[in-house]
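Below is one structure; the comments refer to it alone.
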Amino acid sequence: MIEMILNWQRIGVGVTVITTETGKLFLKREGINCKTIMISDPPFYQLLARAKFGVTLIYVLRIFRAMMTPQIISQRGYDAICATSHYLPDNFILRLLKLFSAGKSYIVHLYHVFPLPSEASKYQSKLVSLTNWVQQIIGFELIRNCYVFTFESQRKTLQNYGFDSARIRSIGMGLNLDEVASSFPLEENFDAVFLGRLTQKKGVFDLLQAWKKVIKNFPSQTLCLAGQKSGEPVEESIRTLGLENNVTLYGVVSGRQKFGLLKSAQIFVFPSYEEGWGVVISEALSCGLPAVVYALPAYNFFGNAVVRVPVGDIELLAKEISFLLFDKEKRSSMRKIALTMSANLDWRDEADRELHLINDLTIE
């Protein structure tokens, strides 16, 4: 929602954000100066955030703190109130505001539906999979009578969960194309790059196993993993597979540094097990990078701009990476497709489109 708020503020839309101290610092860092209503972070927030089930506990504590924040329940007169996700804390606050008739229309931005625990537990713990799904089901009940802004690929899934199709609005994603254009390759080059949390859910361990197969025939190929560590044993896996000379852990990147890193690689690889859209794939395509991904329904939008591999097929993943790295003509062809597609993904256009959707709801 950051780019949305920035674009709406540029055209004079008044925006109020309910957030935490941590969220307010993030808004400031992103250049957003708007009215905020603060929910205090729970004690030992940083420690909880690193704990195994700390995020779940933080969600619960935020719900209780929201109930104790008088500025929230005293709000009135908004044309639209939007939850930035369908996660339980956001849904609860939206429901709280709806209970006190704070606005004319109530909207939930839903970017991803958690799969059934039986599916998700194949790449993350059973307890985490079950927790995510249960809080999602509870959240769905809270927003059943709200409007849902989501991707068209999620519509059927939501209908299967009992949502009224008439209350679903299709949205897209966008890019800061000015930031992409003003970014330049870094001094260090890589053959392939991955951007995302360094977890099995994002496919990073599958990618490391695939890269081990790639360098059997091409021992000098280099891979860059950029993203936040999660506590999962990525460094240990790199050492175990003997990839110390072929894999670089780059850390968290954002803004022009992120796009500069993408422009410093030949291809993008993202074998994630579940996604709602694939924003990071859009970012890679905007830099002209061909992408190799697992074949998720959310990626249908990308057409021939990506190479799809059956989910979990590490052998074929390695083969497709190798083929693309050493087929310059194929890379050139996919680069043209990628740049043409991503040129239409401008946040300014998407922000305008969503604002029209919101305006239509407020006058219904």
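The values are calculated or read from the model by the stated rules, or taken from the named source; none is laboratory data. Just so it is clear, the model here is predicted, and its values are computed rather than measured. Note that each Cβ is placed from the backbone with ideal geometry, even for glycine, and that neighbours are counted across all protein chains shown.
Quick one: T248 ticks every box in (1) buried (at least 18 other Cβ atoms within 10 Å of the Cβ); (2) polar (S, T, N, Q); (3) in a strand (DSSP E or B) except a single one, so which number is it?
Failing condition for T248: (1).
Taking into account only those residues within the stretch 91-113 that are touching a helix residue (DSSP H, G or I) at 6+ places or on another chain (Cβ under 8 Å) and charged (D, E, K, R), which is surrounded by the most Cβ atoms within 10 Å (Cβ to Cβ)?
Only one residue tops the list, namely R95.
What helices (runs of 4 or more DSSP H) completely inside the stretch 112-199 contain at least 2 residues that are without any contact (Cβ under 8 Å) to a residue 12 or more places away in the chain, aromatic (F, W, Y) and over 24 Å from A83 (Cβ atoms)?
On the way: elements: 117-120, 126-142, 155-160, 177-181.
Here the list is empty.
Quick check: anything in the stretch 301-324 among the polar types (S, T, N, Q), surrounded by 13 or more Cβ atoms within 10 Å (Cβ to Cβ), touching a residue at least 12 places away in the same chain (Cβ under 8 Å) and farther than 16 Å from A192 by Cα? Break it down stepwise before answering.
Start the filter on the stretch 301-324 by keeping residues that are among the polar types (S, T, N, Q), which leaves 304, 322.
From what is left, the residues that are surrounded by 13 or more Cβ atoms within 10 Å (Cβ to Cβ) are 322.
Retained after the next criterion (residues that are touching a residue at least 12 places away in the same chain (Cβ under 8 Å)): 322.
Retained after the next criterion (residues that are farther than 16 Å from A192 by Cα): none.
Looking for residues that are among the polar types (S, T, N, Q), surrounded by 13 or more Cβ atoms within 10 Å (Cβ to Cβ), touching a residue at least 12 places away in the same chain (Cβ under 8 Å) and farther than 16 Å from A192 by Cα, one finds none in the stretch 301-324, hence no.
With the structure loaded, tell me whether I81 is closer than 21 Å to E141 by Cα, modelled with pLDDT under 75, surrounded by 12 or more Cβ atoms within 10 Å (Cβ to Cβ) and touching a Leu at 6+ places or on another chain (Cβ under 8 Å) or whether it fails that test. Please lay out each step first, then the result.
On the way: closer than 21 Å to E141 by Cα: yes; modelled with pLDDT under 75: no; surrounded by 12 or more Cβ atoms within 10 Å (Cβ to Cβ): yes; touching a Leu at 6+ places or on another chain (Cβ under 8 Å): yes.
No; evaluated as a whole, the condition is false for this residue.
Does the stretch 284-291 contain at least one residue that is modelled with pLDDT of 90 or more, in a strand (DSSP E or B), aliphatic (A, V, I, L, M) and over 16 Å from the mean Cα position of the chain (by Cα)? Steps first, please.
Residues of the stretch 284-291 that are modelled with pLDDT of 90 or more, as a first pass: 284-291.
Then drop every residue that is not in a strand (DSSP E or B), which leaves 291.
Cutting the leftovers down to aliphatic (A, V, I, L, M) gives us 291.
Subset that is over 16 Å from the mean Cα position of the chain (by Cα): 291.
Yes: one or more hits.
Determine whether F205 is surrounded by fewer than 22 Cβ atoms within 10 Å (Cβ to Cβ) and over 25 Å from the mean Cα position of the chain (by Cα). Before the answer, list the steps.
Working: surrounded by fewer than 22 Cβ atoms within 10 Å (Cβ to Cβ): yes; over 25 Å from the mean Cα position of the chain (by Cα): no.
For F205, the condition - surrounded by fewer than 22 Cβ atoms within 10 Å (Cβ to Cβ) and over 25 Å from the mean Cα position of the chain (by Cα) - is not met.
Looking at the stretch 114-135, which of its residues are under 19 Å from R95 (Cβ atoms) and either surrounded by fewer than 19 Cβ atoms within 10 Å (Cβ to Cβ) or basic (K, R) (or both)? First the steps, then the outcome.
Step one: filter the stretch 114-135 for residues under 19 Å from R95 (Cβ atoms), giving 134-135.
The one that is under 19 Å from R95 (Cβ atoms) and either surrounded by fewer than 19 Cβ atoms within 10 Å (Cβ to Cβ) or basic (K, R) (or both): V134.
Does any residue of the stretch 10-29 turn out to be assigned to a loop (DSSP other than H, G, I, E, B) and modelled with pLDDT under 90? Before you say what the answer is, go through the steps one by one.
Looking only at the stretch 10-29, we keep the residues that are assigned to a loop (DSSP other than H, G, I, E, B), and these are 11-15.
In the following step, the residues that additionally are modelled with pLDDT under 90 were identified as none.
Within the stretch 10-29, none of the residues are assigned to a loop (DSSP other than H, G, I, E, B) and modelled with pLDDT under 90.
Collect the residues in the stretch 324-351 that are closer than 30 Å to Y106 by Cβ and either at pLDDT 95 or above or aliphatic (A, V, I, L, M) (or both), keeping them in residue-number order.
Passing the criteria: L345, A351.
Residues checked against (1) at pLDDT below 95; (2) out of contact with any His (no Cβ under 8 Å at 6 or more places or on another chain); (3) on the phi > 0 side of the Ramachandran plot:
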{"residue": "Y123", "(1), (2), (3)": "yes, yes, no"}
{"residue": "L127", "(1), (2), (3)": "yes, yes, no"}
{"residue": "I138", "(1), (2), (3)": "yes, yes, no"}
{"residue": "I143", "(1), (2), (3)": "yes, no, no"}
{"residue": "Y147", "(1), (2), (3)": "no, yes, no"}
{"residue": "G172", "(1), (2), (3)": "yes, yes, no"}
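Look through the stretch 208-236, keep the residues that are part of a helix (DSSP H, G or I) and more than 25 Å from the chain's Cα centre (by Cα), and return whichever of them is farthest from A265 (Cα to Cα). Walk me through it before giving the result.
In the first step, residues of the stretch 208-236 are kept if they are part of a helix (DSSP H, G or I); the result is 208-217, 234-236.
Now restrict to residues that are more than 25 Å from the chain's Cα centre (by Cα): 212-217, 236.
Numbers: K212: 18, K213: 19, V214: 16, I215: 17, K216: 20, N217: 19, E236: 24 Å.
Top of the filtered list is E236.
Mind listing just one residue for me: the one in the stretch 253-269 that is in a helix (DSSP H, G or I) and basic (K, R) and, of those, surrounded by the most Cβ atoms within 10 Å (Cβ to Cβ)? Give the steps one after another, and end with the answer.
Taking the stretch 253-269 and keeping what is in a helix (DSSP H, G or I), we get 255-262.
Checking the rest, the ones that are also basic (K, R) come to 256, 258.
Details: R256: 14, K258: 22.
For the stretch 253-269, the residue satisfying everything is K258.
If only one of S183, S153 is modelled with pLDDT of 95 or more and farther than 30 Å from G231 by Cα, which one is it? Full working, then the answer.
Details: S153 fails: modelled with pLDDT of 95 or more.
None of the others qualify; the one that does is S183.
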